[in-house]
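The values are calculated or read from the model by the stated rules, or taken from the named source; none is laboratory data. All values derive from a computational prediction rather than experimental measurement. Virtual Cβ from ideal backbone geometry, glycine too; neighbours counted across all protein chains shown.
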Amino acid sequence: MAINNLAIENGLFTVTMLLYFAAMILYFIFFAMQRERPASIAAILQTVGFALHTAALIIRGIGAGRLPMTNQYEFATSFAWGLCLVCLIFVHRYQFRVLGTFATPVIFLIIGYAAMQSKDVRELMPALRSGWLGFHVSTAIIAYGAFGVSFAVSMIFLLRERMKDNDFLKKHVPQKEKLDMISYRAVSLGLLFLSFTIVTGAIWAERAWGTYWSWDPKETWSLVTWIIYAVYLHLRLRRGWKDRSAAIFAVIGFICVIFTYIGVNTFLPGVHSYK
């Protein structure tokens, strides 16, 4: 990767982190002090941060001559990008700025994790040199982003139960029924894309290693995550499972997502481990 490209990417990445951090602080002020102005500024900073984040990923991809999705740093920063994308979509769709208060800390923690990883650009191993790379990893990024949004909405739901109604909450925090519906839609989106991730991964694995499924730790925990969210949707659709129990289930599901990404790479290395 050209030195100039790496320097530009590093600069954009650093500014992106600072913008996400500033947005997070302003969202906290908005929620804690119940003032409108900080949320407006936070939304602008998050959007600008997302734009610069996108530019940083594009520049890294150009410099590396491939999609920037093949090592621990690249997937972590892409994970944060996907979560920010889905967050912005849901904030705009539902006029729901409080979501930013709970989503931006997760975005910042994930991009902060990326900052601690090596940014070296390495040659792809032969098994990764496939057109399936883009399909497989990009669907995982959107799935994880959607699950992150469902986690944030579920945390709002659980906190909403303990807060007394006032004009601020009535204006900015939807009623529990709507929060439950938003979380359900985020989970549905995430499960759809996680299904694509598993299917494209199986096709890719068969072409690369001659088998669709090898029970690698990453494969196994991806399946566990899929089952958790599939059970969530089954209980909701078949048994009308909603509200607090569903919110807790969504939180547990996202903990499993984080373990699938970070925990498996750290404690259960396999052919899918990122370095």
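Taking the stretch 198-234 as the search range and keeping residues that are of a type in the set (G, A, S) and under 16 Å from S130 (Cα atoms), which one is surrounded by the most Cβ atoms within 10 Å (Cβ to Cβ)?
Ranking the qualifying residues of the stretch 198-234, first place goes to G201.
Search the stretch 96-124 for residues being over 28 Å from A32 (Cβ atoms) and charged (D, E, K, R), and hand back the single one that is nearest to the chain's Cα centre (by Cα).
It comes out as K119.
Note down all Cβ pairs under 6 Å where the first residue falls in the stretch 257-272 and is closer than 16 Å to Y73 by Cα, the second is modelled with pLDDT of 75 or more and surrounded by 18 or more Cβ atoms within 10 Å (Cβ to Cβ), and they're at least six residues apart or on different chains.
Final answer for the pair search is T260/W221; T260/S222; T260/T225; V264/P217; V264/K218; V264/W221; H272/D216; H272/K218.
Out of the residues in the stretch 153-165 meeting the condition of being without any contact (Cβ under 8 Å) to a residue 40 or more places away in the chain and not hydrophobic (A, V, I, L, M, F, W, C), tell me which one is surrounded by the most Cβ atoms within 10 Å (Cβ to Cβ).
The selected residue is R160.
From A114, A146, grab the single residue that is touching a helix residue (DSSP H, G or I) at 6+ places or on another chain (Cβ under 6 Å) and under 23 Å from I227 (Cα atoms).
A146
Matching residues to (1) free of Cβ contacts under 8 Å to residues at least 60 places away in the same chain; (2) crowded, with 18+ Cβ neighbours inside 10 Å; (3) on the phi < 0 side of the Ramachandran plot; (4) outside any loop (DSSP other than H, G, I, E, B):
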| position | (1), (2), (3), (4) |
| --- | --- |
| S150 | no, yes, yes, yes |
| F196 | no, no, yes, yes |
| R236 | yes, yes, yes, yes |
| A246 | no, yes, yes, yes |
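What's the total number of residues in the stretch 103-120 that are over 12 Å from M17 (Cβ atoms) and crowded, with 21+ Cβ neighbours inside 10 Å?
Looking only at that region, the number is 2.
Within the stretch 258-265, does at least one residue satisfy the condition of being over 19 Å from V137 (Cα atoms), of a type outside the set (A, V, I, L, M), out of contact with any Leu (no Cβ under 6 Å at 6 or more places or on another chain) and modelled with pLDDT under 90?
So far as the stretch 258-265 goes, no, none of its residues is over 19 Å from V137 (Cα atoms), of a type outside the set (A, V, I, L, M), out of contact with any Leu (no Cβ under 6 Å at 6 or more places or on another chain) and modelled with pLDDT under 90.
For the structure I just gave you, tell me whether L189 is assigned to a helix (DSSP H, G or I) and either surrounded by fewer than 16 Cβ atoms within 10 Å (Cβ to Cβ) or over 23 Å from the mean Cα position of the chain (by Cα) (or both).
no
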